[in-house]
Amino acid sequence: MKDIILLGSTGSVGKNVLDVVRHYSDKFRIRAIASNENLDSLLEQAEEFHPDVAVIGNEKYYSDLKDSVPAGVQVFAGGEEVVRLACEVKADIVFIAIGGMAALDPLIAALNNSRTVALASKEPIVSAGAVIQKIQREKKARIIPVDSEHSAVMQCLSGRSTKDVRTLYLTGSGGSLKDKKEEDFGSITLEEVLDHPKWNMGQKITVDSATLMNKGLEAIEARWLFDIPPAAIKVVIHPEAIIHSMVEFLDGTVSASLFCPDMRFPILKALSFPDIMESNFPRVDFTAIKGFSFMEPDTRKFPALELAFDAMRAGGTVPAVLNASNEVAVNMFLENKIRFTDIIKIVSKTIDGHKSIDEPSMDDIKNAEKWAIEEVLRSC
């Protein structure tokens, strides 16, 4: 029986984690859950899974949570309590499904305590990859990736050295706007952007998928998770979303990882690692697949991808500024404050105004993120 701390339990990934636990109640147990402010869902989860601890990030919901949870569940509130969960509550795995930059502090806390982390949040690695890699090595902590692409890379590399890799291919469906004309982007609605053809995800990641920023962030994440040089990482559009990543080795052979577009596959892989558990999740039906297609991403139509690769090559605090400014700009779009086409313009302008620090500390990274947020809000 593996004990799990689940941070971000009420989001789309968190709910999928709980569904996997529901399927494997004899293998996994939820020890603690945390959500920022989705009180109703957190209460439902506490009723079903009876964790030892439930944390609500927004302190104004503390009393309501404390008064309603089942007997025996300890209740805490505040962001510092979410961080404390990551390093103090006894568990085999800390599963971080918190969206955006808010995942950084819990991840650092868990790694500094030599814990095994199942990581579904790419933003911390994007902003602080070098620092996180150093902590992970020093503390002998482990990060198991949960993004479908990085989970696939992990499987392709099983038993192989990254020194043997020639090219790492991250695949992407192309997002909700793949077949839209560029000249129509100025009038694209929020509903169109959020209508992803393959995945049911949170709003922020769905917008990132539409701009292709998500693929750029994944490339930066892969660079640090697998210690792969930027020049060896490529993105390819694969609309069928069955092949999630491919690895070409020096000898010319290619390994690929295939599964249906269902987050429960990489979640189960992370929770059961290093074992393989039988599942009844939807299988790939090769007789029903008419073919696999691949194409180069259109970086003129989707400039976010090249912007992210430029940030990866630049290094220093540039990826942190890319990450933070994109998060703020996407939130502004979700609030109908800017147009879809404004997102990448804002990110690019913010990066242009940033003076990068080449070998940043964690404080440098947080200061760069803070500066980027303030710069976007000031300029908009």
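Every residue in segment 133-167 that is crowded, with 24+ Cβ neighbours inside 10 Å and more than 13 Å from the chain's Cα centre (by Cα), please.
Answer for segment 133-167, where residues must be crowded, with 24+ Cβ neighbours inside 10 Å and more than 13 Å from the chain's Cα centre (by Cα): Ala152, Val153.
What pairs can you find where one residue is in segment 205-232 and assigned to a helix (DSSP H, G or I), the other is of a type in the set (Asp, Glu), and their Cβ atoms are less than 6 Å apart, with a gap of 6+ or different chains?
Final answer for the pair search is Asn214/Asp208; Glu218/Glu149.
For Lys269, only one of the following conditions fails: (1) on the phi < 0 side of the Ramachandran plot; (2) surrounded by 15 or more Cβ atoms within 10 Å (Cβ to Cβ); (3) not in a helix (DSSP H, G or I). What is its number?
(3)
Which of the strands (runs of 3 or more DSSP E) found entirely inside segment 1-106 contain at least 1 residues meeting this: of a type in the set (S, T, N, Q) and within 27 Å of Ala320 (Cβ to Cβ)?
28-35
Conditions first: (1) polar (S, T, N, Q); (2) closer than 29 Å to Lys27 by Cβ; (3) assigned to a helix (DSSP H, G or I). Gln133 passes all but one, so which condition is the exception?
Condition not satisfied by Gln133: (2).
Among all residue pairs at least 6 apart or on different chains, which show Cβ distances below 6 Å where the first residue, located in segment 75-86, is within 15 Å of Leu65 (Cα to Cα) and the second is of a type in the set (D, E, K, R) and assigned to a helix (DSSP H, G or I)?
Listed pairs, sorted by first residue: Val75/Lys66; Ala77/Glu59; Gly78/Glu59.
Among the numbered criteria (1) at pLDDT below 95; (2) surrounded by 15 or more Cβ atoms within 10 Å (Cβ to Cβ); (3) of a type in the set (D, E, K, R), which one does Lys290 miss?
(2)
In segment 349-365, how many are in contact (Cβ under 8 Å) with a residue 40 or more places away in the chain and crowded, with 17+ Cβ neighbours inside 10 Å?
The number of residues fulfilling the criteria is 5.
Given the criterion assigned by TED's automatic domain parsing to the domain that holds Asp227, part of a loop (DSSP other than H, G, I, E, B) and among the basic types (Lys, Arg), identify the matching residue among Lys198, Lys163.
Going through Lys198, Lys163 in turn, the sole match is Lys198.
Pick from Ser356, Ser279: which is in contact with a His (Cβ under 9 Å, 6 or more places away or on another chain), outside any helix (DSSP H, G or I) and outside the structural domain of Gly8 (by TED's automatic domain parsing)?
Exactly one of Ser356, Ser279 is in contact with a His (Cβ under 9 Å, 6 or more places away or on another chain), outside any helix (DSSP H, G or I) and outside the structural domain of Gly8 (by TED's automatic domain parsing), namely Ser279.
Please go through segment 101-132 and pick out each residue that is polar (S, T, N, Q), closer than 27 Å to Ala256 by Cβ and either surrounded by fewer than 24 Cβ atoms within 10 Å (Cβ to Cβ) or in the same structural domain as Thr206 (by TED's automatic domain parsing) (or both).
Answer for segment 101-132, where residues must be polar (S, T, N, Q), closer than 27 Å to Ala256 by Cβ and either surrounded by fewer than 24 Cβ atoms within 10 Å (Cβ to Cβ) or in the same structural domain as Thr206 (by TED's automatic domain parsing) (or both): just Thr116.
The values are calculated or read from the model by the stated rules, or taken from the named source; none is laboratory data. From a predicted model like this one, the values you see are computed outputs, not experimental measurements. Quick reminder, even Gly has a Cβ in these numbers, built from the backbone with ideal geometry, and neighbours come from all protein chains shown.
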